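The values are calculated or read from the model by the stated rules, or taken from the named source; none is laboratory data. Quick caveat: nothing in here was measured; it's all calculated off a predicted structure. Cβ sites come from the backbone with ideal geometry, for glycine too, and all protein chains shown count toward neighbours. SASA here: full protein model, heavy atoms, side chains in, ligands and nucleic acids out. Shrake-Rupley method; radii C 1.70, N 1.55, O 1.52, S 1.80 Å.
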Amino acid sequence: VQLQASGGGSVQAGGSLTLSCKASRRTSSNNGMGWFRQAPGKEREIVATISWSGGNTYHTDSVKGRFTISRDNAANMVYLQMNSLRPEDTAVYYCAQGIYAGASISPQMYKYWGQGTQVTVSS
């Protein structure tokens, strides 16, 4: 499975972006999906995850109320709507496909990773 992330860019603080991630194909099992990010000099961190059904989601505390993860299984797509962006949101954002159907929060539970898309927020 190949994951293609897109939608990154440069915005001013307070702006919005929507990241998209398309899977090249649907796997034989139902998979949760996640968005992670890595800022320069920092470790990769979880941003948001969503179960196969979309019924369960997780958003890390720093993005709660500002970011929303969603998915369209018919289109093999997962999205991350990002509002009220802050300079500290600047990072490369990666989408990943989970091993299981749940909204796993551990990176070890994700098997396939996209190439990343850069998000830069200026103050």
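The aspartates and glutamates whose alpha-carbon is closer than 16 Å to the alpha-carbon of K22, local same-chain residues fewer than 8 away aside, are D72.
Sort 92-105, 39-52 by the packing proxy (mean of other Cβ within 10 Å over each peptide's residues), most packed first.
Numbers: 92-105: 20.4, 39-52: 16.3.
Descending mean neighbour count gives 92-105, 39-52.
Rg/Rh, computed from the Cα trace of segment 63-102 with Rh as the Kirkwood radius, has the value 1.01.
So for segment 4-101, averaging the separation of alpha carbon pairs under 8 Å that are six or more residues apart and normalising by length, what relative contact order in percent results?
That works out to 38 percent.
Modelled spin-label separation between T60 and N83, with each label point placed 7 Å from Cα along the Cα-to-Cβ direction: 2.1 nm.
Basic side chains Lys and Arg get +1 at the Cβ, acidic Asp and Glu get -1 at the Cβ, and with that the dipole of the chain about its Cα centre reaches some 240 debye.
Computed with the Debye formula from one identical point scatterer per Cα of segment 23-123, without solvent, the log10 of I(q)/I(0) at q = 0.16, 0.24, 0.25 Å⁻¹ comes to -0.63, -1.36, -1.45. Surface composition of the chain: carbon plus sulfur atoms hold 47% of the accessible area, using a 1.4 angstrom probe and ignoring ligands, DNA and RNA.
Could you state the orientation-averaged shadow area of the convex hull built on the Cα atoms of segment 8-76, in nm² to one decimal? Provide the component values of the computation, followed by the final result.
Details: hull surface 23.8 nm².
Result: 5.9 nm².
Remark: the chain carries 50 Å² of accessible area per residue (probe radius 1.4 Å; ligands, DNA and RNA excluded).
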